[in-house]
1. Suppose each label sits 7 Å from its Cα in the direction of the beta carbon; what would the Ser366-Glu168 distance come out to in nanometres?
2. Taking 41 Å as R0, compute the FRET efficiency from the Cβ-Cβ separation of Glu249 and Gln439 and round it to 0.05.
3. How much of the DSSP bridge set in the chain is antiparallel, in percent, rounded to the nearest 5?
4. How much accessible area per residue does the chain have, counting only protein heavy atoms and a probe of 1.4 Å, in square angstrom?
5. What does the extension gain come out to for Ala261 and Lys193, with contour length at 0.36 nm per residue minus their alpha carbon separation?
6. Please pull out the direction-averaged projected area of the chain, using the convex hull of its alpha-carbon atoms, in nm² to one decimal place.
7. At a Förster radius of 56 Å, what calculated FRET efficiency corresponds to the Cβ-Cβ distance of Asp234 and Ala66, to the nearest 0.05?
8. Treating only the Cβ atoms of Lys and Arg (+1) and Asp and Glu (-1) as charged, compute the dipole magnitude of the range 301-441 about its Cα centre; round to the nearest 20 debye.
Amino acid sequence: MKNWKRVLQTASVAGLAAFMLSGCGNGSGNSGSDNSATGSSGKNELVVWTFTSELSTMINDYYLPAHDDLAYDIRIVEIPSDQFETKLDPILGSKDAPDVIALESAFVKKYVESGMMADLGSLGLDEAAADTYQYVKDVGTSKDGVLHALAWQAAPGGFYYRASMAEELLGIGDPAAAQAALSDYDKFYEEAKAVKEKSGGTTYMISSVQDLAKPFYGQREHGWVEDGKLVIDDSLYDLLDISRKFVEEGLTQDTEGQSEAWFAGMNSDNVFGYSLPTWGLHYWLKPNATAADNSSSTEGDWRMIQGPSSWFWGGTWIGATANSEMQEEAAQLVAYLTTDQAFLKQWAEDTGDFVSNERVVEEIKSEYQEEFLGGQNHYAEFADMVQDINAKILTEYDQTIETLFTDSCLTPYSKGEVDQETAIQNFKDAVVNAYPDVQVD
């Protein structure tokens, strides 16, 4: 893998169909006589599929400058996340599959357990990932113990709240006091009632039941499916109970998570706080802290604490496909983006992203300050919170079953439309319909 030359080509989703028809999927997907994919330059191509523009930025601005002698092209295909699986599934395992794929936490286990991903451990990633947080490796490791995917970020979740509201409504002056006041869900509920009362009913503790649900989903002791059987973790009954109280007592704005109304609360005085992961700060809270017409802004008035529980949400894993004829080149790209300490340190400093390498985090955490959070060192907070994450609860069923629980059980029950027994049975019936092979008692 010497004498490489830098060339980068990108393909948008608009050109995806033509790209697939041309057979440029991977090292075995070209009609040329040498049976290897070639780009316009005549060189082999390493094909990367992603749903996030972050990967394009990493490759363009970091990987290629650090590897300016590549002997092959890199083609990046960006596909919207809601189309990613439907485009990937029909060709994964075939000659048209890409060499490298990005995987959302919602569906990463589906592909890790698919048998269609390369063994990264055998390509040197086990050793390279020695300092990667264990939960990140757990997510990318299949049931038979093989590492198939790694992430450049870790995503512990926290509770972001308005500092001015905390002081005015609850008499809370700093994050330490806020954490003490919101350290469990009984306290969280009591403080939510105080927020409503002290604000005269104009401010809600949270915007959506999602701000309760995501922490509960992330803190479960058991995954949705264990040994082929549906498991409803005991904590989910607590989630149903507290969600019902929050809706009935008007402690939540009762918006739909990630809706326009949910985001709008980030630049108004209607919502006290949001449950968000590390990346939620940069991709959701910051962009929405200022109203579109600039009539209001909450920038600088936010602080972050763990809140009532340790949990996680999201992240992007990357891995190589089993059919790729450029697995060594794919593995080198994955290794650089997820384990190279110099790159990860620079990425953290440039973007504020909470990276997956514990050694890098330890090196930079004491110096970090976030102006948006009033100068708070949230990085050090996340460094403590990440230690408690249990990613072994993730399964290949998560994306579908979590949606079924939310839609058929949590939402109707919290709104008082059905009793709990009916809500649970409706959920079980939905799982049976979606996964006939999963045992449901």
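1. 3.8 nm
2. Given R0 = 41 Å and the Cβ-Cβ separation, E is 0.65.
3. Percent antiparallel among DSSP bridges in the chain is about 65.
4. Using a 1.4 Å probe on heavy atoms only, each residue of the chain averages 40 Å².
5. That works out to 22.3 nm of additional length.
6. Over all viewing directions, the chain projects a mean Cα-hull area of 21.8 nm².
7. Numbers: r = 48 Å, r/R0 = 0.86.
Between Asp234 and Ala66 the formula returns 0.70.
8. Details: 7 positive and 27 negative charges, 40 e Å.
My answer is approximately 180 debye.
The values are calculated or read from the model by the stated rules, or taken from the named source; none is laboratory data. Not measured: the values here are computed from a predicted model. In this analysis, Cβ positions are derived from the backbone assuming ideal geometry, glycine residues included, and neighbour counts consider all displayed protein chains. Ligands, DNA and RNA are excluded from the accessible area calculation, which covers all protein heavy atoms including side chains. Shrake-Rupley method; radii C 1.70, N 1.55, O 1.52, S 1.80 Å.
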